[in-house]
Amino acid sequence: MDAMTDALTDTVTTAATAANNSVVSAAPPTSTAAQTRTNATMSNESNSRATLAAAVLGFFIITLDAVVVNVALPSIRHDLGGGVTGLQWVVDGYTLMFASLLLSAGSLTDRIGARCAFGTGLGVFVLASAACGAAPSLFALVVARFVQGGAAAMMMPASMALVRQAFPEAKARGRAVGVWAMGGAVASSSGPLLGGALSVADWRFIFLLNVPVGIVAALLLRSAGRSPRRATPLDWAGQATGIVAMAGLTYTAIEAGAGGFTQQRVMIAFAITVVALAAFVLAQARGQHPMMPSDLFANRTAVIVFATGFAFMVGYYGLPFVFSLYLQQQRALSAFGTGLVFLPMMLIGAALTPLSARITEKIGRKAVIVAGLALMTIGLAVLGVLPSTTPLWLLAVLMMFVGVGGPTISPPGIALLLDVVAHERTGTASGVFNTSRQVGGALAVAVFGGLLSRPETFMRGVHTSLLLAAAVLALTTVAALFLNTHCRPGARHARLDNPPGRPPEHDRWNRDHHRPRRRLATGLGAESTPSTCAGSGQA
């Protein structure tokens, strides 16, 4: 356990050094002043590496708890009881609170600073993990998972904001995002196998593992500099209606799958969901400080990135849930054996993640994202039509197509999103992006679990679940073709204010070049305009 944490920290430190070296080259000191500047540069590099390492470890434990629990579900049911519906809440209790609180967590990150938000979330997450490991009943475990999800929601946007804070230059930030994504890749690759191995001894260890990793992350966080703050009131109305809408939607999907949509409690839950969703939309449209600023959705690139996050999690989160139950219930594999089947899928993602930034630099973000979505679509579609007796080695190979999605969709998508939003909106945009991801994962488990709830139609449910995931990814693949990867904040203003070949003193668009240009309140970056960066511009 400690060896895994040390290895991950060492890898992150080495990769972060490469990211810093892409923008900082220390010249030989020629004077005391030069030596002072060199020492300051080295200190900044060290602090940036430590900050990135803390963010990576945070992402590691957040992702680990999303994937490690799947292979342990049969063991949890054996010890604590409950059917498929109870197991769905063990998984969705985490993702529901994660998705519901991410939007406010993004605004809170902007308000109190990324360092404070990350540290607070990390402390609560570690305590909740210990509570999960000591849970005496299924109900207690679900409650602790709810708390875990809330803490993870605070950590996630803060970790992304810390990366931007530590690496302000675009190229270095792109590589740093790739390193940050490695935390999730390592967790994803080790999660199923680690969960299976720990479940052989006791499933409780899959939660207790977070405690030492969280302590190391907290120590590294001490090196992070002060984070900028933006005094913005929280959107209490939006948060309350958002939680009710998400909880109602998840409850409706889970209970409808278990007992049918015509049940009275399901219909009541659905009605509450509709009312809460309408109230949420109204609160965002009329509120002074909405969690989901409308200007973010005026940006075509941002909207497509949000959609790719949703679709990615439908496939990447839904597949392990479905196949963990299928392999153990239908193919009679142990938890450890199930983890071995998932291993190639996870390893391909871990192997490609460190190369993601360089591949993206060579062939472009759009090409990488579209390719990743297309490969996931193919893998899920083929898995969805195979018979239940398909050799395990073939299943493992096909799941690798889904595994490729991790390093080819999320890192370039996140880097693209950070490029098109203003610095002060980083936390908010990160919250919206990660909310879309968690909503996708929560709905996948809720819907797929309902399809798997009846033993007599279990295999039909497996095939239907995988084909639904493939359809969602196919639609998003088409949408990704319209990504505008050339959009930069202020690009259009630069062209309008200084047309080629026209001296500034004769520029009809900038007659008084000493007068600051008007900043449009779009939240998409300094001096951005709707026509270039807001969805109607050309790619």
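Can you check how the C-alpha radius of gyration of segment 251-365 compares to 2.2 N^0.38 Å, as a plain ratio? Before the final figure, lay out the partial values.
Numbers: Rg = 20.7 Å, N = 115, 2.2 N^0.38 = 13.4 Å.
Here the answer is 1.55, to two decimals.
Quick one: Ser324, Ser294, fewest Cβ neighbours within 10 Å first, how do they rank?
The order, fewest Cβ neighbours first, is Ser294, Ser324.
Among 209-220, 434-445, how do they line up by average Cβ neighbours within 10 Å per residue, starting with the highest?
Going from most to least packed, we get 434-445, 209-220.
For a quick size check, give me the Cα extents of segment 315-472 along its three principal axes, largest first, whole Å.
Taking the Cα atoms of segment 315-472, the three principal extents are 52, 28, 27 Å.
Using the number of other C-beta atoms within 10 angstrom as an exposure proxy, rank Leu451, Leu102, Leu325 with the fewest first.
Leu451, Leu325, Leu102
What residues from segment 294-328 fall in the zone where the backbone N is under 16 Å from a label point 7 Å along the Cα-to-C-beta line of Ala170?
301-302
Considering the Cα positions of segment 236-288, please state its Rg to one decimal place and its Dmax as a whole number of Å.
Calculated on Cα positions, Rg and Dmax stand at 12.2, 41 Å.
When a footprinting reagent is the concern and you count Cβ atoms within 10 Å, what order do Val314, Val432 take, fewest first? Intermediate results must be reported in sequence, preceding the final value.
Numbers: Val314 30, Val432 26.
Taking fewest neighbouring Cβ atoms as first place, the list is Val432, Val314.
Laboratory data are not the source of any read-out in this text; all were calculated from the coordinates shown. Since this is a predicted model, take the numbers as computed values, not measurements. Positions of Cβ are generated from backbone atoms using ideal geometry, with glycine treated the same way; all protein chains shown enter the neighbour counts.
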